[in-house]
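Reviewing the structure listed below.
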Amino acid sequence: MAKSYLCTFRELFSLCETGEENPFEIKRIIIPLIQRDYAQGRSNPEIVRIRKRFLDALHRAVLGEGICLDFIYGDIKDDGVLTPLDGQQRLTTLFLLHWYAAKKENIPKEEYSFLSDFAYETRYSARDFCKIIIDFTPDFTSTDTVSGQIIDQAWFPLDWKNDPTIGSMLVMTDEIVKCFSDVQNLWKLLVGGKIKFYFLPIKNMGLTDELYIKMNSRGRPLTRFEHFKAEFEHRIFQTDAEAAKRFESKIDLKWTDFLWRYRGGDNLPDKLFLNYFKFICDIICYEEGGTPQGRSYYEFDLIEEYFSAHCRNAVEHLIFLERSFDAWDTFGDDVDKNLFSEFLSLDSVPDKARLFNYNSTDLLRDCFLNYSDETSGRRSNYFTLSKVIMLYAFLQYAMNVHAVSKEDFSERIRIVNNLISNSDDEINDNENRVGGNRLPAILLQTKSIIKDGVILDKIPINYNVFQLEEEKEKLGWRRPHRKEIPALNLLENHRLLCGQISAVGLENHDLFERFSELFSCDRDKVTCALLTEGDYSRLERNGWRRQLGSEKDSAWRFLLHRSIAGRFDETKKCLTSFLTRYPHFDNDLLDTVIREYMSRCETEDRYDWRYYFVKYKEFRPGRDGKYWIETGSPYCIYVLWSSQNMSENAYQPFLKIIDPDDIDRTDLGRRLRIGRSYMYCRKDGFYLTDENGKEVGSLIISQSDGIDTEERIEKYKSIPLIRT
């Protein structure tokens, strides 16, 4: 196994091995032509954050217990030239930091002469810059920046500013001055060993361009991750030295091996680790009653907040983080196959909970790849709070797998999935929304369900109250109804119900299969056939907008889900009565039901608004199924074109049937405009007014108890108020 050497930056320049196996001696460090430019001085936001955190870590190290910057790899030639394979960025920053310390503290030249043995060969300008700057001493009392003083020198050609390595070095030099200006005896601290790293020599390995390309294909994320690991290990060492040793080993070996199978196109697990790390930090935040909203998502700040010695619960957090990685060991090399897809499905199968609006059952892979937004660093909108809760539920099972049977977990994860699927309005971590941040209580409820199979009552508001009540009922119902459980599961899996079956009811378990059969029929036929049973419409919270069936799933989900919207009991009564009436359903049966209803209305000469709705397609334009029906005047009905409001495309369906070309858009479709006259459909007939609103004609429809006894459309066609 290759031997590594713990050393300071200065010690690296005289490092040697005299043993018989792979002897070497380092005399110079040269960044080769094929290496990428020095990047830590770039100005894009991500690099700015990395630079600040790295310099802050170095600053704390020189004033505190020191820091180890992980491994630096290099190829050593026979002439003593070290060519870094990995570590160029850190070495260059250390070169500039030592140069600053030497110049600021007037260190004798012979003590820092080793800096002359650090060279860049990426461009001639970078090579010459590193050489010339050794002899330049800035005026640190000047108000001019050090970079400005350098640029003003006669030996600094203007075109050097176009060299990205030099540009980055100038920026980094100014940042070093800002960060370390308060440090006394910096040179002594640096050469005394406050900043060290492990050097791993790779001698006589036939260094090729292909090898450099392979080693450097990872680009900037590697450097960021190395900085993260260095600071994380340094911080947790201060909190728990034993834990720090375990974490260092697991991050580099066990956890990296586990993450390796999930890696993307860059072949690196770095991003995956950071995404999962942020997920765990968010869970810690929620479990302690907080919300990540308004807080920093930058991983170095998360280290400080949750794992540093300044955090009161740092040790508990470290234990939870370690368990959160190790918990997946139980499920082998394929966690999706052996865990997630064993209990979840994207399709409807009776022994698995169905996921709605998911692309995959593999929640862990999804978290690894997509948890954080690459621009902001915060949780990505793609990885929703619903996914956070569901992955948390599986994590709780993974941590307690020996205490929860598969049979119990299968039932419990279904409960959690039902609660999540029916709590869109409740799942929220914003303190400023109605109900505030519910995630702490939701996770507490989820944990109780998964670990103990208990739905807690005496906790703050969490999931949807209607769904919580239903799940409690199901818990008691399942025990004496074991044979009916597969049918219940399939009903829960139906895409219109998404886990809430109140519209059918546990008391009607003999109707479970009929529901699915009914809603496999043509939706427009279902919309009409159910109206033959009664008015199943729901009244929305605003008190005026009605929901009826439509070809869209969203209409039926609103109708079939218990909520604070009105008339749920009426909807359930119509549905269950209709399901009870017929043992099987298909489109032909629905056509027969509709025809018989219309024939009965015509025979009895009773034409309520449902008759017209079923007969005329204009009532059912295939939109969202939203209507406004004036109170006490069901014939004053208006079809909404948008899902929320009356608009210029809304219309009065009776009028649209009579004259579709003259609907008055300026009045939101509530009247016809023909020349200077207006026509309205009202409770008891049609009325014509002039442009001033004066009634100039009417066609009254005979009624009994407010219900038409004449078919008003046919009567108007035979006796029109306006002849065209």
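As a rough guide to protection, the peptides 524-534, 706-716, 101-111, 611-621 ranked by mean Cβ packing within 10 Å, highest first, stand as 524-534, 611-621, 706-716, 101-111. Couplings 3J(HN,Hα) for region 67-82, derived from phi with the Karplus relation 6.51 cos²θ - 1.76 cosθ + 1.60 (θ = phi - 60°), are 8, 10, 8, 6, 8, 10, 9, x, 9, 10, 7, 5, 7, x, 8, 8 Hz, where x marks Gly and Pro.
Amide H to amide H, with H built 1.01 Å from N, Arg682 comes under 5 Å of Tyr687, counting only residues 5 or more places away or on other chains. Would you mind checking the tilt of helix 406-421 against the longest principal axis of the Cα atoms of the chain, expressed as 0 to 90 degrees and rounded to 10? That helix lies at roughly 70 degrees to the long axis. Projected onto their three principal axes, the Cα atoms of the chain cover extents of 113, 68, 46 Å, largest first.
Amide H to amide H distances under 5 Å link Arg295 with no residue, where only residues 5 or more positions off or on other chains count and H is placed in the peptide plane. Determine the shape class of region 502-566: with a ≥ b ≥ c the square roots of the Cα gyration tensor eigenvalues, call it rounded for a/c under 1.5, and otherwise prolate if a/b is greater than b/c, oblate otherwise. It is oblate, given that a/c is not under 1.5 and a/b is not larger than b/c. Only one residue of Leu355, Thr83, Asn432 has its Cα farthest out toward the positive end of the dipole of the chain, where Lys and Arg carry +1 and Asp and Glu -1 on Cβ, and that residue is Asn432. Maximal additional length on extending the Arg723-Asn381 stretch stands at 117.3 nm, based on 0.36 nm per residue less the C-alpha distance. Please find the FRET efficiency linking Arg665 to Leu475, where r is the Cβ-Cβ separation and R0 is fixed at 35 Å, and quote it to the nearest 0.05. FRET efficiency, Arg665 to Leu475: 0.05. Couplings 3J(HN,Hα) for region 300-307, derived from phi with the Karplus relation 6.51 cos²θ - 1.76 cosθ + 1.60 (θ = phi - 60°), are 5, 5, 5, 4, 4, 6, 10, 10 Hz, where x marks Gly and Pro.
Kindly state, to the nearest 0.05, the FRET efficiency for Thr330 paired with Ser599, given R0 = 60 Å and r defined as their beta-carbon distance.
After rounding, the FRET efficiency stands at 0.40.
When only the Cβ of Lys, Arg, Asp and Glu is charged (+1, +1, -1, -1), the dipole of the chain relative to its Cα centre reaches about 900 debye. Rg/Rh for region 234-463 stands at 0.94; both radii use Cα atoms, and Rh follows the Kirkwood definition. Phi angles across region 329-340 convert, under the Karplus curve 6.51 cos²θ - 1.76 cosθ + 1.60 with θ = phi - 60°, into 3J(HN,Hα) values of 4, 4, 9, x, 7, 10, 5, 5, 5, 8, 9, 4 Hz, Gly and Pro given as x.
Roughly what would the spin-label model give for Arg295 and Asp174, points 7 Å off Cα along C-beta, in nm? Each label point is offset 7 Å from its Cα along the Cβ direction, giving 3.4 nm. Helix 270-287: angle to the longest alpha-carbon principal axis of the chain, degrees 0 to 90, nearest 10? Helix 270-287 sits at roughly 60 degrees to that axis.
Between Lys406 and Phe356, the modelled labels are 2.8 nm apart [label points 7 Å from Cα along Cα→Cβ]. Computed over the chain, relative contact order equals 8 percent, with contacts defined as Cα pairs under 8 Å that lie 6+ residues apart. With 27 Å as the limit on Cα-Cα distance, the pairs of Lys194/Lys278; Lys77/Lys104; Lys27/Lys245; Lys278/Lys352; Lys229/Lys451; Lys27/Lys109 that go past it are Lys194/Lys278; Lys77/Lys104; Lys27/Lys245; Lys278/Lys352; Lys229/Lys451. Note on Ala309 and Ser43: the model spin-label points, each 7 Å out from Cα along the C-beta direction, lie 3.9 nm apart. For the cross-link pairs Lys472/Lys617; Lys573/Lys715; Lys525/Lys717; Lys617/Lys683, the ones whose C-alpha atoms lie over 31 Å apart are Lys472/Lys617; Lys573/Lys715. Note on Phe71/Arg28: beta-carbon distance plugged into 1/(1 + (r/R0)^6) with R0 of 22 Å gives a FRET efficiency of 0.60.
The gain in end-to-end length when the Asp152 to Asp424 segment is fully stretched comes to 91.8 nm, 0.36 nm per residue minus the alpha carbon separation.
Read-outs: derived from the displayed coordinates by stated rules, not from any lab. No experiment lies behind these values; they were computed from the predicted model shown. All Cβ positions, glycine included, derive from the backbone under ideal geometry; neighbour counts span all protein chains shown.
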